[in-house]
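Bear in mind these aren't lab numbers, they're just calculated from the coordinates by the rules spelled out. Just so it is clear, the model here is predicted, and its values are computed rather than measured. Every residue, glycine as well, gets a Cβ built from its backbone with ideal geometry; the counts of neighbours run over all protein chains shown.
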Amino acid sequence: MDEISQITEKAVIVGLHKIDMNTPADSIEKAAGKIRRAEQRSRGDSATSTALLLATKDLEERIAPLFQRWEEVKKENDELRDRLNTLHGERLAAKEKAKKARIAISDEREESQRLAQKVDTYRTLLKGRDGELDKLKTELEERDKKVYISPIISLSISFD
């Protein structure tokens, strides 16, 4: 194996050791291609193949927990998204219920105002009738006095 290939393989191995959870996904994809090309260039060189194999194994050991955690986070995100959708639906239902309640309150308020107006109208009507009743009562009392006093006056005139 020539010196340039050895430098390239060493660079690939060093690069594999640098991969961590902050490494962009496209860099990891490129690393897989670089490993394949380095293996092909090594032409069966056991030292290079062993170094690549160890670097790949190390990468898997570091990356596997990250993917496991990623799966957990993805599941948590899915659950949170479902919960968010549920809460969004509940929020919309509550808003609709509140809107209907506001409309019902407005309708009840209008009905209450209408009934209060009707009560005021009846109260005014009753006051007018009370006045009429008082007037009629007074007239009746006056008439009763005339009816009662009139025979007495006639009797007293006839005795004179």
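Quick grid of which residues meet (1) acidic (Asp, Glu); (2) farther than 30 Å from residue 21 by Cα:
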{"position": "48", "(1), (2)": "no, no"}
{"position": "65", "(1), (2)": "no, no"}
{"position": "80", "(1), (2)": "no, no"}
{"position": "93", "(1), (2)": "no, yes"}
{"position": "108", "(1), (2)": "yes, yes"}
{"position": "133", "(1), (2)": "no, yes"}
{"position": "146", "(1), (2)": "no, yes"}
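Any residue at all in region 59-66 that is touching a residue at least 40 places away in the same chain (Cβ under 8 Å), part of a helix (DSSP H, G or I) and under 40 Å from the mean Cα position of the chain (by Cα)? Yes, region 59-66 contains at least one residue that is touching a residue at least 40 places away in the same chain (Cβ under 8 Å), part of a helix (DSSP H, G or I) and under 40 Å from the mean Cα position of the chain (by Cα).
Test residue 86 against the criterion of being among the polar types (S, T, N, Q) and either in contact (Cβ under 8 Å) with a residue 12 or more places away in the chain or under 20 Å from residue 24 (Cβ atoms) (or both), and give yes or no.
Working: among the polar types (S, T, N, Q): yes; either in contact (Cβ under 8 Å) with a residue 12 or more places away in the chain or under 20 Å from residue 24 (Cβ atoms) (or both): no.
Judged against the criteria, residue 86 is not a match.
Within the bounds of region 87-105, is there any residue that is basic (Lys, Arg) and touching an Asp or Glu at 6+ places or on another chain (Cβ under 9 Å)? Checking region 87-105: not a single residue is basic (Lys, Arg) and touching an Asp or Glu at 6+ places or on another chain (Cβ under 9 Å). Of the conditions (1) surrounded by 10 or more Cβ atoms within 10 Å (Cβ to Cβ); (2) closer than 23 Å to residue 11 by Cα, residue 61 satisfies every one except a single condition; which number is it? Failed condition: (1). Apart from one condition, residue 20 fits all of (1) free of Cβ contacts under 8 Å to residues at least 40 places away in the same chain; (2) under 24 Å from residue 69 (Cβ atoms); the exception is (1).
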